[in-house]
Amino acid sequence: MPEALIAPPGLEGVVVGSTKLSNVEGKIGRLTYRGYDINDIAPNAHFEEVVYLLHFGELPTRAQYNDIRRRLAAHRELPEPVIAMMKSLPNDSWPMDVLRTSISMLSQFEPHNHDGAHTSDVETAMKLIAKTPTIVAAWDRIRRGLEPIPPRANYDAAENFLWMRTGEPAHDIAVRALDMYLVLHCDHSFNASTFAARCTASTRADIYAAITTAVATLEGTLHGGAPSEVWHNLQAIGTMDKVEPFVHDLLRRGERVMGIGHREYKVRDPRAQHLEQMAKNLGQVTGNSHWYDLAVSLEKTAVDVLHEEKPDRALYANVDFYSAPLLHSLGIPSDEFTCMFACGRMVGWTAHVLEQHQNNRLFRPQAEYTGPTGLPWVPMDER
Ligand code: COA
């Protein structure tokens, strides 16, 4: 066995595995899904097309596209006990907690083998991708004292989600914005939640176990929890004249400007420009561009101030920054933003779990032990 290497904290810069799903080239700000540039995908592809691309490895023909739309639509409904479980929860339960519990509970309605493992295959992945938005929309209504609205099979994912929240047909631009949001969140190489899912999958745990791990890992504010924090910042700022003092105050307290900075990207996150444009379009259609305008000002001020502080740091807007005004314009409450991230990322998580199972090696790194050694044993009465 080769001598162990000590990896840098947070595994920064360490390649821990291989994938054919997506590639992040942080220095030049390029993201590709299966070799296709996100800048080509975002304005052209629909969510269901990207589901096909990531799971089947190539762009779908029209017939394949229609087939996957039908397959996903057929899997949207939740087992009744999952809805009953949600109805039994306190109304102030955190949406990400409810999502994690519900995803885990879904496994109870799948067959398992004699070891308790559920089938981990593309069809199960489709079920998870299809049911996640239904869970999010159902909890949104249940916690407001409303009945969940059943999914509609004649709508695609984005339109159906907006329908399930309100029971009213959504504006075309809202559907397009959410569709693009989902597309942009589908995959991002070995980010923390995907890596966590692959670690779980590497023990030969099934897809439900691995996806529950992923949902749990997404929620932290350094990962999928960031857009809610961006929204809290925008609200705390309130008006244009407060942007600059807010940024200075935050940094003086040693805090971070949420939605800014990325472990991999040393330029602006390529997803940010598409989300920014959509947030702008939504602002124009809804007649309320205030939060978008404030976000533009916050980004510019934060980037300038951070650069002035330390010119060698490369800190720019990431995917979460414009997700906040975009999701707000769609009427989604800020404590559900991370759930929306999960609706998109479910595509990548499930594809990564299946990829891990196909060519598996158990993740089992070592740790550098930094505690005391050689301590003499002291009997309990003498301590
Ligand atoms: N605001 C202010 N300073 C920031 C910052 C931010 N958002 N992000 C990084 N920095 C600073 C750090 O303080 C550090 O400064 P120093 O060199 O003076 O100590 C330097 O930039 C490098 O930060 P580091 O924590 O080593 O980078 P990382 O690779 O671990 O961080 C993130 C990546 C995403 C965790 C970090 O940029 C961050 O916390 N961003 C805000 C949260 C967020 O938006 N998360 C979603 C990511 S998609």
Check your understanding: How much accessible area per residue does the chain have, in Å², with a 1.4 Å probe?
Key -> 49
Exercise for review: Keeping every protein chain in place, order MET105, MET164 by accessible area at 1.4 Å, biggest value first, i.e. largest first.
Suggested key: MET105, MET164
Study note, to complete from the structure: Counting only protein heavy atoms and leaving out ligands, DNA and RNA, the solvent-accessible surface of LEU178 at a 1.4 Å probe, in Å² to the nearest 10, equals 0
Practice item. Give the carbon-plus-sulfur fraction of the accessible surface of the stretch 51-207 in %, rounded to a whole number; probe 1.4 Å, heavy atoms of protein chains only. Key: 52
Exercise for review: Give a residue-ordered list of calculated ³J(HN,Hα) values for the stretch 274-289 (Karplus: 6.51 cos²θ - 1.76 cosθ + 1.60, θ = phi - 60°; whole Hz; x for Gly, Pro).
Suggested key: 6, 5, 4, 4, 5, 4, 5, 4, 5, x, 5, 5, 7, x, 10, 9
Review point. Taking a ≥ b ≥ c as the square roots of the eigenvalues of the Cα gyration tensor of the stretch 105-168, is the shape rounded (a/c under 1.5), prolate (a/b larger than b/c) or oblate?
Key: oblate
Check your understanding: For the stretch 237-380, what is the convex hull volume of the alpha-carbon atoms per residue, in Å³?
Key -> 246
Exercise for review: Take the alpha-carbon centre of the stretch 295-368, take the same for the stretch 48-76, and report the distance between them in whole Å.
Suggested key: 25
Review point. Top to bottom by accessible area (1.4 Å), largest first, where do ASP335, ASP179, ASP92, ASP40 land?
Key: ASP92, ASP40, ASP335, ASP179
Review point. Tell me, what ³J(HN,Hα) does each residue in the stretch 117-132 have, in order and in whole Hz, if you take phi through Karplus 6.51 cos²θ - 1.76 cosθ + 1.60 with θ = phi - 60° and put x for Gly and Pro?
Key: 7, 8, 5, 10, 9, 4, 5, 5, 4, 4, 4, 5, 5, 6, 8, 4
**Study point:** Order of exposure, largest accessible area first, which applies to PHE321, PHE363 with probe 1.4 Å
**Key:** PHE363, PHE321
Exercise for review: Quick one: which residues, 5+ away or cross-chain, put their amide H under 5 Å from the amide H of ARG30? H built at 1.01 Å from N.
Suggested key: GLU25
Review point. Roughly speaking, to the nearest percent, how much of the stretch 266-367's 1.4 Å accessible area is carbon and sulfur?
Key: 48
Revision key, fill the gap. Expected field for THR301, accessible surface area in Å² at 1.4 Å probe radius, rounded to 10, holds 20
Review point. With point charges of +1 on the Cβ of Lys and Arg and -1 on the Cβ of Asp and Glu, referenced to the Cα centre of the chain, which listed residue (THR301, GLN284, GLN235) lies farthest in the positive direction of the dipole?
Key: GLN284
Study note, to complete from the structure: Using a 1.4 Å probe on heavy atoms of the protein chains only, the accessible area for GLU80 in Å², nearest 10, reads 120
Review point. Expressed in nm², what is the orientationally averaged projection area of the convex hull enclosing the Cα positions of the stretch 189-292?
Key: 8.8
Check your understanding: Using θ = phi - 60° and the Karplus curve 6.51 cos²θ - 1.76 cosθ + 1.60, what whole-Hz ³J(HN,Hα) does each residue of the stretch 322-335 get, with Gly and Pro shown as x?
Key -> 7, 4, 5, x, 5, 5, 4, 5, 7, x, 8, x, 5, 7
Revision key, fill the gap. Rounded to the nearest 500, the 222 nm mean residue ellipticity computed for the chain from DSSP H runs (n ≥ 4, each -39500 (n - 2.57)) alone is -17500 deg cm²/dmol
Study note, to complete from the structure: P(r) over all Cα-Cα pairs of the chain, 10 Å bins from 0 to the longest distance, whole percent per bin, short to long, reads 5, 22, 32, 24, 12, 4, 1, 0
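The values are calculated or read from the model by the stated rules, or taken from the named source; none is laboratory data. As the structure is a prediction and not an experimental result, all values here were calculated from the model. All Cβ positions, even for glycine, are placed from backbone atoms using ideal geometry, and neighbour counts span all protein chains on display. Note: accessible area is taken over every heavy atom of the protein model, side chains too, but ligands, DNA and RNA are not part of it. Shrake-Rupley method; radii C 1.70, N 1.55, O 1.52, S 1.80 Å.
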